[in-house]
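Beneath this line is the structure, given in structure tokens, with notes to follow.
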Amino acid sequence: MTTIDEILEHARSAAPGQPYAGAVTPQLAYQLLQLDPRVKLVDVRTNAERAWVGKPAIPEGQHLAIEWNTWPAATQNPDFVPQLEQAAGKEDVLLFLCRSGVRSRHSAKAATERGYTQAFDILEGFEGDKDSEGHRKTVSGWCNAGLPWIGA
């Protein structure tokens, strides 16, 4: 897949029946970000996660840091939608990223419910699933895929 349209069509077919536009692997998300500077990665992890664990190494204009849950309260961010509305247009291609792929699905769904037509989940998340010893970044996810990231 070499064009944005091809990748997005694949993403739509990769998540049939989901309440958002589709899903992409971390590798395809990175490829989309490289192909078009208007594509945005919406990092829905907490500010603490980004500070302590790291974040994708992509241009600042493409990296939107909007918490789905707040820290340290661990409650849903009541300003998530207003913050998203300030940062992105309804037709923008938005790629939602969290630690392991759960919050990103919820946030992509919430965005779709608010009229965002191109909200995509990034499968596996930034750190991916835990390995047999309970560690992340070794099984799946953005970091394990060898994509660029900035450490804490």
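In summary, Thr46 fulfils each of the numbered conditions (1) in contact with an Asp or Glu (Cβ under 7 Å, 6 or more places away or on another chain); (2) surrounded by fewer than 20 Cβ atoms within 10 Å (Cβ to Cβ) with the single exception of condition (2).
Filtering Ala14, Ala65, Ala88, Ala29 for residues that are of a type in the set (A, V, I, L, M), under 18 Å from Ala119 (Cβ atoms), at pLDDT below 95 and surrounded by 14 or more Cβ atoms within 10 Å (Cβ to Cβ) leaves a single hit, Ala14.
Hey, can you tell me all the residues within the stretch 16-41 that are assigned to a helix (DSSP H, G or I) and either hydrophobic (A, V, I, L, M, F, W, C) or more than 11 Å from the chain's Cα centre (by Cα) (or both)?
Gln27, Leu28, Ala29, Gln31, Leu32, Leu33, Gln34, Leu35
If only one of Gly101, Gly89 is in contact (Cβ under 8 Å) with a residue 12 or more places away in the chain and outside any strand (DSSP E or B), which one is it? Step by step, each of Gly101, Gly89 is checked, and only Gly101 is in contact (Cβ under 8 Å) with a residue 12 or more places away in the chain and outside any strand (DSSP E or B). Residue count for the stretch 42-63, restricted to those that are assigned to a strand (DSSP E or B) and within 17 Å of Arg105 (Cβ to Cβ): 2. Look at Leu64 and say whether it is touching a residue at least 40 places away in the same chain (Cβ under 8 Å) and not β-branched (Val, Ile, Thr). Answer is no for this residue. Kindly indicate the residue of the stretch 137-148 that is within 17 Å of the chain's Cα centre (by Cα) and either of a type outside the set (A, V, I, L, M, F, W, C) or surrounded by fewer than 18 Cβ atoms within 10 Å (Cβ to Cβ) (or both) and also nearest to Leu123 (Cα to Cα) among those meeting that condition. Ranking the candidates gives Gly141 first.
The values are calculated or read from the model by the stated rules, or taken from the named source; none is laboratory data. None of these values were measured; they are calculated from a predicted model. Glycine gets a Cβ as well: all are built from the backbone with ideal geometry, and neighbour counts include every protein chain shown.
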